[in-house]
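Just so you know, all these numbers are worked out from the coordinates, no wet-lab data involved. It should be emphasised that the depicted structure is a prediction, and the values quoted were computed from it without experimental measurement. Quick reminder, even Gly has a Cβ in these numbers, built from the backbone with ideal geometry, and neighbours come from all protein chains shown.
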Amino acid sequence: MKFFFLTVLTLFLIIFQSVVLPFFPWYHQCFDLLIMNILFLSLAYSHYAVILTIVGIGAVMDSISGVAFFHHIFSYLWIYLIVQLFKQFVFHRSGVFILIISVVSVLIQQGLILFSVFIEQGKDAILRMDFTVMAWQLFWASLLIPMGVWSINLMNHHWVYLAKRVKRQFAQRYRG
């Protein structure tokens, strides 16, 4: 049931980010919404299946976005690795930790974009870039990602509760 919840959540975020969000005028200031999902997966689970899931999510995002291939895979894996490293030393349910890791996650993606622009077009192209868009993305990420991770966690708890309740009801009804 957790797999079904995470699949529906991931599909919702992908569709919302790639189909619905571009119709808003402030779309260019929006960060990657799947960072919330990656952070939730990184905080909640720490086994190898999560790495394959993150690679799969990154591959889907790489194939439907206009950035260089492996951009999302690489950034999502770095986010996962950083969260796994620091959650051993820090209380990972702390709001400050989630805020810091949210900003670091967006910085990772922006750093990769800057690096790819530098490799492709040189340092002059970086100097011509609009850094206010990146600043707005950091601002919105610092506000919305911690709330999004908290909301996903809350929805996950409700989903697990409802699944257990339905399972108990079926067991009582069909047991005899």
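Relative to the current alpha-carbon distance between Ala125 and Ser65, full extension at 0.36 nm per residue lengthens the span by 19.5 nm. Annotation for the range 1-103: chymotrypsin sites (Phe, Trp or Tyr not before Pro) lying in DSSP loop with at most 11 further Cβ atoms inside 10 Å of their Cβ are Trp26, Phe89, Phe91.
With 0.36 nm allotted per residue and the present C-alpha distance subtracted, the Ser142-Trp26 stretch has 40.1 nm of extension available. Rounded to the nearest whole Hz, the Karplus-based 3J(HN,Hα) values (6.51 cos²θ - 1.76 cosθ + 1.60, θ = phi - 60°) of the range 56-62 follow the sequence x, 4, x, 5, 5, 5, 5, with x at glycine and proline. Inter-part distance, the range 109-161 to the range 19-90, computed on C-alpha centroids, equals 10 Å. Mind running the shape call on the range 88-176? Use the C-alpha gyration tensor, a ≥ b ≥ c as the square roots of the eigenvalues: rounded below 1.5 for a/c, prolate if a/b tops b/c, oblate otherwise. Prolate shape, in that a/c is at least 1.5 and a/b is the bigger ratio.
Among the trypsin sites (Lys or Arg not before Pro) within the range 55-162, those in coil by DSSP and having at most 14 neighbouring Cβ atoms inside 10 Å are Arg93, Arg128. Projected label points at Gln172 and Ile100, each 7 Å from Cα along the beta carbon direction, are separated by 4.6 nanometres. Cut-off 13 Å, label point 7 angstrom out along Cα-to-Cβ of Ala49: give me the residues of the range 1-21 whose amide nitrogen falls inside. Zone members listed by number: 1-7.
Summarising the label geometry, the points placed 7 Å from Cα in the beta-carbon direction at Met1 and Leu162 lie 1.0 nm from one another.
Divide the volume of the convex hull around the Cα atoms of the chain by the residue count and you get 140 Å³ per residue. Taking a ≥ b ≥ c as the square roots of the eigenvalues of the Cα gyration tensor of the range 60-101, is the shape rounded (a/c under 1.5), prolate (a/b larger than b/c) or oblate? Since a/c reaches 1.5 and a/b is larger than b/c, the shape of the range 60-101 is classed as prolate.
Which shape class, rounded, prolate or oblate, goes with the range 1-79 when its Cα gyration tensor gives a ≥ b ≥ c as root eigenvalues, a/c under 1.5 marks rounded, and past that a/b bigger than b/c marks prolate? It is prolate, given that a/c is not under 1.5 and a/b is the larger ratio.
For the chain, the mean residue ellipticity at 222 nm estimated from helices alone is -26500 deg cm²/dmol, where every DSSP H run of n ≥ 4 contributes -39500 (n - 2.57) and the total is divided by all residues, rounded to the nearest 500. The length gained by stretching the chain between Leu85 and Ile15 to full extension, at 0.36 nm per residue less their Cα-Cα distance, is 22.2 nm.
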